[in-house]
Every structure is written in C-alpha cells, then in structure tokens.
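The values are calculated or read from the model by the stated rules, or taken from the named source; none is laboratory data. Keep in mind that this is a model prediction, so the values were computed, not measured. Heads up, the Cβs are rebuilt from the backbone with ideal geometry, glycines too, and the neighbour counts pull from every protein chain shown. Protein only, heavy atoms only, side chains kept; ligands, DNA and RNA dropped before computing areas. Shrake-Rupley method; radii C 1.70, N 1.55, O 1.52, S 1.80 Å.
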Amino acid sequence: MPTSQEGFIRLILVKPFLDYLEEKRVNPLPAIQALGINPAHIDGPQMSVHGEIIYGLLNTMAELSKDPYLGCHAGERMQFADWPPYRTAAQKSGTLGEFLTRFILEVPQQSSSVSHTLQVTNSEASYKIKRFFEPNNSPGQAEGFAASHYIRLFQLVTGDLWVSEQVRIETRFPECLPPAYSGVRVVPQSNDGLVVRFPAEWLVSKLNLRSFENSSPTAQPEASTISVIAALRSVARSLMASSDLDTDTLAQALGLDSGRLTNVLRTRKTTVASEIRKLRVDMAIEALEDSTQTIGDIGVSLGYPNQSHFTRFFRSQTGQTPSEYRNAYRKSGSQTAPET
C-alpha cells in the first residue's frame, strides 16, 4: 500500500458489503462490472483501487439493493474476526484502547485515502477519520459502515457499561444512518470525515478475543429495541397525514424489513398500530395546546379529513372531545395533558 496520501484503498475491504448483499440475495456483479473492476481481484489482499472508485461502487450497490442504509447494515452484519484490519489489531490487544491504537497503526497498510486519530481527555475520547481528498462520489455509505461497526464494537467490549446516549456520531452524511440509530446521538457536521465520541473510561474495558471472534452480527442490546420505537415515532410524525400509514411503509422508511420491525416491537409488547395510535394522541394534544390551529386542520394533519372521525378517535383515547380538551387547557393554563 502506498504510504503517501494518494487516496487508495484495499479492494478486499468491500468484502463485508458483498457478504451482506449475498445474504440478501442481491447480485453485486452489475455494480462491480459497471466500474470496470475485475471481480476476481476483490479477494486479493494486495489489490488496491482509488477511494473514488470504492465510494462509487458502494453507492451503486446501495442503488442496486434499494437500501439507502447499505453501509450501516453491512457494518451490523460483518464478522469482526473476518475483517483484515480488525483481525490484525485484535490479536495483540487486551483492552479497547490498545485495540484502537493498533487499528490506527494498521490503517496505513489498508488505505492511503484517510487518516485515523484517537484523542483522549479525562472524560471523553474522540475517534476521528479524516479523508485526504474530496471525492466526487459520496462517501456516505463508507461512513455509515464505519459508524455502525464502531457502535457494535463498543457494545461488545463495554457490556454493562454501554449507554447509547453517551456516544455521539458526527458526520456530513447523517442520512446514511437510520433515524435514531441505536439510540446514539447523530450530529451533522461540515468536516470531511467521521468523528465518534464516547466516554474515555471505556478505553480500559477488556477486549475478550474469544467473544470478539465469535461476535454475533445480529446481537443487539435492549437499548436498540427502544431506539427502534423512538425512530418509528420520529419517522411517523412526518407521515401522519397519510391514509396509507402501514407497517410496510414505516419499515421501508426505517430501512428495516417489515417482519423485523414487527418482531422488534413484539419484544416490547407493542405493535405498529399501537405506537401510531399513541403518537396521534400525543400530536393531537400538542396541536390542541397551540391555539393557532383549528380542530379541523389538526384532524387533517393526523390523517382524519373528516372532523367527526377525529373527534370520535380523540374522545375514545382521552375521554374528552378535542374542543373539551382545548377549553379545559385554556381555562386551567396547565401544561399537563391527560393520561392516554
């Protein structure tokens, strides 16, 4: 691998993407051939191509698979021990901090298109990936991949210490991560690269090589189930006026299979219909406390073009009609909504 900042990346690093497409029964060959890449070269550990081509390949794969979160999903599914840079770094590491340090030392052997740095204060660690060039093809899928596998790494190593709200992802391409992804904070930024911020104390967490090698790509902590519900509510808000708001529509907006969305919600003893009903009540209450909207307009915004239908729905959930709730709220001046 060239050591100068020439922008080259080992072609074998796209293997997690190919593995994911194969699992989803999507043929990646059209995407590979469209960019003039010889498929036989992908398994060659020494074959390098320019980052511009890699980013273009990943974007073409995302279009081919109709998956806007391809990079994120590939990062969720990959086996850590099968990915060359991770495998090499893990073999001599006893803690998360050692692993990240060895991984940074390994990066120049795999890519001359980016630099990796780890900055540590007494309270926060920042893992930064910076590109050496501004590509014409969006590197968003690559950043989605990086963000998802770092989150998985932290979940695996920290165990009970894992708190999703203590992780912050800074990226120029937040659209390549599903809404409310894994419960972490995703912050848009204008810089050329990705930043992952997390508690510095996690760096001394022990890296169990056996669990690393046998990490389940489908294992998700309880927090991720909760984050799916948060993401569902976030996405549904913008679609609430639609009369065709169903499981398939919401699953597609979240980048999930409808079956997986249903199963995740079942583990929390809830359903799409139940969550949408609760959200409609919450949004109705928010709007009724805003005196600038008519009750008819509120009903339309929530998918009830007929005001009487909206009134019946609201009364069935709260015990009051929309008018009764608004009048009571105005008289009391209370900020507390009735229980739903």
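Would you check if there is a residue in region 58-68 being in a loop (DSSP other than H, G, I, E, B), within 23 Å of P85 (Cα to Cα) and either at pLDDT below 75 or not hydroxyl-bearing (S, T, Y) (or both)? No - not one qualifying residue is present in region 58-68. Before we move on, is A90 over 20 Å from L177 (Cβ atoms), in contact with a helix residue (DSSP H, G or I) (Cβ under 6 Å, 6 or more places away or on another chain) and modelled with pLDDT of 85 or more? For A90, the condition - over 20 Å from L177 (Cβ atoms), in contact with a helix residue (DSSP H, G or I) (Cβ under 6 Å, 6 or more places away or on another chain) and modelled with pLDDT of 85 or more - is met.
Can we say I169 is buried (at least 19 other Cβ atoms within 10 Å of the Cβ) and in a strand (DSSP E or B)? Here the answer is yes, as I169 does meet what is asked.
When region 113-162 is filtered for residues that are under 20 Å from E201 (Cα atoms), among the β-branched types (V, I, T) and touching a residue at least 24 places away in the same chain (Cβ under 8 Å), the ones remaining, listed by number, are V120, T121, I151, V157, T158. Among the residues making up region 53-80, a single one is in contact (Cβ under 8 Å) with a residue 60 or more places away in the chain, under 26 Å from E134 (Cβ atoms) and among the polar types (S, T, N, Q): N59. Filtering region 31-43 to residues that are at pLDDT below 70 and either part of a helix (DSSP H, G or I) or over 18 Å from P85 (Cβ atoms) (or both) leaves L35, N38, P39, A40, H41. For region 132-148, taking the residues that are under 21 Å from the mean Cα position of the chain (by Cα) and open to solvent by 20 Å² or more (accessible area, probe 1.4 Å), the one that is nearest to A74 (Cα to Cα) is identified as A142. Kindly indicate whether any position in region 220-238 is at pLDDT below 75, open to solvent by 20 Å² or more (accessible area, probe 1.4 Å) and not in a helix (DSSP H, G or I). Yes, there is a match, as at least one residue in region 220-238 is at pLDDT below 75, open to solvent by 20 Å² or more (accessible area, probe 1.4 Å) and not in a helix (DSSP H, G or I). Residues in region 281-340 that are basic (K, R), open to solvent by 50 Å² or more (accessible area, probe 1.4 Å) and modelled with pLDDT of 90 or more: R312, R315. Filtering R277, R260, R266 for residues that are in contact (Cβ under 8 Å) with a residue 12 or more places away in the chain, closer than 29 Å to Y181 by Cα, assigned to a helix (DSSP H, G or I) and open to solvent by 70 Å² or more (accessible area, probe 1.4 Å) leaves a single hit, R277.
On the stretch given as region 69-90, residues that are in a helix (DSSP H, G or I) and open to solvent by 40 Å² or more (accessible area, probe 1.4 Å) total 4. Among the residues of region 1-30, those that are modelled with pLDDT of 80 or more and among the aliphatic types (A, V, I, L, M) comprise V14, L18, L21, V26, L29. A125 - would you say it is of a type in the set (A, V, I, L, M), open to solvent by less than 50 Å² (accessible area, probe 1.4 Å) and part of a helix (DSSP H, G or I)? Spelling it out, it is not the case that A125 is of a type in the set (A, V, I, L, M), open to solvent by less than 50 Å² (accessible area, probe 1.4 Å) and part of a helix (DSSP H, G or I).
Of all the listed residues (I129, I104, I169, I151), the sole one being within 22 Å of the chain's Cα centre (by Cα), of a type in the set (A, V, I, L, M, F, W, C) and more than 30 Å from R237 (Cβ to Cβ) is I129. From the list F99, F103, the lone residue that is within 19 Å of I151 (Cβ to Cβ), part of a helix (DSSP H, G or I) and out of contact with any strand residue (DSSP E or B) (no Cβ under 8 Å at 6 or more places or on another chain) is F99. Listed by first and then second residue, the pairs with beta-carbon distance under 8 Å, at least 6 apart or on different chains, first residue in region 81-97 and polar (S, T, N, Q), second open to solvent by less than 20 Å² (accessible area, probe 1.4 Å) and assigned to a loop (DSSP other than H, G, I, E, B), are S93/L207; T95/S205; T95/L207.
Restricting E324, E275, E286 to residues that are among the acidic types (D, E) and farther than 18 Å from R233 by Cβ narrows the list to E324.
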